[in-house]
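S.K.: Pasting in a structure now, in structure tokens, and then I'll have a few things to ask.
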Amino acid sequence: MKPKLAAALCASALMALSACSKADEAATKVDENPTGLVVTNARLILPPIKGNPAAVYFDLRNDGTRAVAVRSADIADAKSASIHDMMEWDSKPTMAEMGPLAIQKGETVKFEPGGKHVMAFELSPELAAGGKTELTLTVAGGDKVSVEVPVEAANAER
Ligand SMILES: [Cu+2]
């Protein structure tokens with residue numbers, strides 16, 4: 001029993017150590033990005049009606065060495081978020097939650113009005129145009145990438 005306990009202690013010490021060095025190396029975050037995903041042109045568009053969900057758009061490029069599948073999205077100032085795509089239903093464009101999004105090595109996927117978007121539900125009331133929030137994408141396997149997202153008014157150019 002004793003050796004097992006020692007191993008467990010060691011593992012938790014190691015975890016604490018890596019958590020520390022992660023914070024120290026925040027400046028070199030890009031090099032540490034294990035997903036290989038690069039997010040550019042991100043913006044959150046506030047809903048025209050307060051209380052409605054917001055849409056988040058961005059360009060997502062896979063600069064890594066392998067294909068990845070984006071499993072989920074989170075917005076720091078929203079209670080929940082999901083990845084939506086537009087599809088046709090009964091001859092009308094409808095949005096629906098999409099499953100894991102595979103992105104090949106070197107590929108860019110655009111999240112844009114009329115297409116894929118991240119929908120952010122139950123926004124913090126403090127979130128206002130000109131402010132900022134954070135988008136975190138989680139890929140299959142659990143690696144994450146986070147970026148700062150400027151908040152824009154509902155009538156802003158998309
Ligand atoms: Cu949506």
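S.K.: Based on the Kirkwood radius over alpha-carbon pairs, what value in µm²/s does the Stokes-Einstein equation return for the translational diffusion coefficient of the range 74-158 at 4 °C and 1.567 mPa s? Could you put the intermediate results ahead of the total?
M.R.: Values: Rh = 14.5 Å.
After rounding, the answer is 89 µm²/s.
S.K.: About its Cα centre, what dipole magnitude does the range 36-99 give when the only charges are +1 on Lys and Arg Cβ and -1 on Asp and Glu Cβ, stated in debye to the nearest 20? All intermediate terms of the calculation are to be shown ahead of the outcome.
M.R.: Working: 7 positive and 8 negative charges, 33 e Å.
Approximately 160 debye in magnitude.
S.K.: Could you run the Debye sum over the Cα atoms of the range 23-123, one equal point scatterer each and no solvent, and tell me log10 of I(q)/I(0) at q = 0.11, 0.17, 0.19 Å⁻¹, two decimals?
M.R.: -0.38, -0.86, -1.03
S.K.: So, one more: Could you give the length gained on full extension between A154 and K105, defined as 0.36 nm per residue of separation minus the Cα-Cα distance, in nm?
M.R.: On the way: separation 49, 0.36 × 49 = 17.64 nm, distance 3.38 nm.
Residue separation times 0.36 nm, minus the Cα-Cα distance, leaves 14.3 nm.
Taken together, the values in this text are just the output of simple stated rules run on the coordinates, not laboratory data. These numbers come from a predicted model, not from an experiment. Every residue, glycine as well, gets a Cβ built from its backbone with ideal geometry; the counts of neighbours run over all protein chains shown.
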